[in-house]
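Report on the structure given below.
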Amino acid sequence: MELIPILFFIVVLICLLWGYPVSFTLGGVSIIFGVIIFGTNFFNLLPLRIWGIMSNYVLIAVPLFIFMGVMLEKSGLAEELLETMALLFGKLKGGLAISVLLVGTLLGASTGIVGATVVTMGVLSLPVMLKRGYNAKAASGIIMASGTLGQIIPPSIILILLGSVLNVPVGELFIAALLPGLILVLLFFLWIVLLTITKPKSVPAMPAEELRKFKGSDAVKRIFSAFILPSILVLAVLGSIFAGFASPTEAAGIGAFGAIVLSAIKKRFSIKTLKEVMLKTTSITSMVFLILVGATAFSLVFRGVNGDRLLTQFILESNFEPYQFLAIAMLVIFILGFFIDFIEITFIIVPVIAPILVQMDFDLLWIGIIIAMNLQTSFLTPPFGFSIFYLKGVAPPGVTTAQLYKGVIPYVVLQLTALLLIIIFPEISFWLLKIFSN
């Protein structure tokens, strides 16, 4: 009997690495094992668990935030924001890279969808950066890294899912994640500054002629339209959560409606656009919830065969110190991020290690933040980092996959540095919470 949970876990991982769809692998393998072990009674248990997921009020925020992000992407606001920021900072060495970082930060706080952010910035900024003399590694690295900021900067889909799995208030996760996210932005900025000092030719300034044209036009109006309006939307969403006026789900509704209003102000709203946004939102949401249902079936079977108890017993009998086990857990999550998606890790690994971390007296809110930051690296780590594939799909023909791999390495190191800082100084995650609780 002790071998059954190990065999079950191995079969699931083999199927995932073999390339089978995640949701069907989790659900299908779990149902097969569940019927073999528990018989037809398994079908009396599974629907109740699935209904519990579907009736979870917090998870309603997922499609609403996805709608908000897709609407901002389809309405062209992201494109205008990127162009304006590039011209605003273009006179500085590394100005284009700084613009990409700022836009990635703002889009991360408004969309939370890594694929949309990376593709949008890749299409708009990578050709321009290469044309202005940027090194391909430097240009692609900052685009991919900035695109992942939506994973840690709220409102983040992964924080909502982690809040559900860890049974931690999502609003508190949002507040706690903001400062770690801004620290990561600061580290990226310092790396760009270092590049301007050590390799100035790889991150040159924009030509003066283009900047003069920008300043000669109605620059103030463009800056207000491109930067201030999306910023107001982000402040409305996050401010309502932080101030306690709205729950994350209610704030997501504000964000979705605000994105429609902004696109209407920009005269880019239409029934056709709305249909496209709704279709894409439905597609992405369905994918997330199918994985969630499959992960629920996996968790039911794994606990049913006492896999969680066996793992807990093994860890406790191994006499690991709490921080030794935490280091092992973070290493496992980091390595799995090379091969499988963050949603899979959230629903397969996190429920397994969470009870052990509770027994070791770790604060699950803090655990949620460091897991989210660790999972963020999964978008950048070769060979299967999704940001790499997103950018490769829209990059000019001259940009090779090897250049993308090399360009992203410094930012993986910076993300791990930020993760280490938050582990060493956990009060970073609680500082804003203390302020807003007073």
Practice task
Measure nothing fancy, just the Cα-based angle from helix 350-359's long axis to the longest principal axis of the chain, in degrees from 0 to 90, nearest 10.
Solution key: 70 degrees
Exercise for the section: Identify, among LEU195, PHE257, SER429, the residue whose Cα sits farthest towards the positive end of the charge dipole of the chain, taking +1 on the Cβ of Lys and Arg and -1 on the Cβ of Asp and Glu, with the dipole about the Cα centre. Expected result: LEU195
Exercise for the section: Give the Debye-formula value of log10 I(q)/I(0) at each listed q (0.07, 0.10 Å⁻¹), with one equal scatterer per alpha carbon of the chain, two decimals each. Expected result: -0.35, -0.72
Practice task
Kindly provide the chymotrypsin sites (Phe, Trp or Tyr not before Pro) of the range 9-76 that DSSP labels as loop, not H, G, I, E or B, and whose Cβ sees at most 11 other Cβ atoms within 10 Å.
Solution key: none
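Please order VAL277, VAL123, VAL350 by the number of other Cβ within 10 Å, starting at the fewest.
By the 10 Å Cβ count, ascending: VAL123, VAL350, VAL277.
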Practice task
Treating the angle as unsigned and between 0 and 90°, give the value, to the nearest 10°, between the Cα long axis of helix 157-166 and the longest Cα principal axis of the chain.
Solution key: 20 degrees
Practice task
May I ask you to list the lysines whose Cα is less than 18 Å away from that of LYS201, ignoring any residue fewer than eight positions away on the same chain?
Solution key: LYS91, LYS93, LYS131, LYS137, LYS406
Handout entry: Whether the range 1-63 is rounded, prolate or oblate, judged on the alpha carbon gyration tensor where a/c under 1.5 counts as rounded
Key = oblate
Problem - Neighbour-count order for LYS272, LYS74, LYS406, fewest beta carbons within 10 angstrom listed first - result: LYS272, LYS406, LYS74
Completion exercise
Tilt, helix 229-242 to longest principal axis of the chain (alpha-carbon atoms), in degrees rounded to tens, equals 30 degrees
Exercise for the section: Would you calculate the separation in nanometres between label points at ILE435 and LYS199, each defined as 7 Å from the Cα along the Cα-to-beta-carbon direction? Expected result: 3.5 nm
Exercise for the section: Please list, or write none, the lysines whose alpha carbon is within less than 24 Å of the alpha carbon of LYS272, excluding same-chain residues fewer than 8 places away. Expected result: LYS74, LYS280
Practice task
With +1 on each Lys and Arg Cβ and -1 on each Asp and Glu Cβ, and nothing else charged, work out how big the dipole of the chain is about its Cα centre, in Debye to the nearest 20.
Solution key: 1800 debye
Practice task
Using the Cα centre as the reference, give the magnitude of the dipole from point charges on the C-beta atoms of the range 262-347 (Lys, Arg: +1; Asp, Glu: -1; all else neutral), rounded to the nearest 20 debye.
Solution key: 900 debye
Handout entry: Calculated log₁₀ intensity ratio I(q)/I(0) where the Debye formula runs over C-alpha points of the range 344-387, q = 0.17, 0.18, 0.33 Å⁻¹
Key = -0.53, -0.59, -1.15
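Quick note: the coordinates plus some simple rules give every number you see, no bench work behind them. The structure displayed is predicted, hence computed values, not measured ones. A quick note on method: Cβ atoms are made from the backbone with ideal geometry, for glycine too, and the neighbour counts reach across all protein chains shown.
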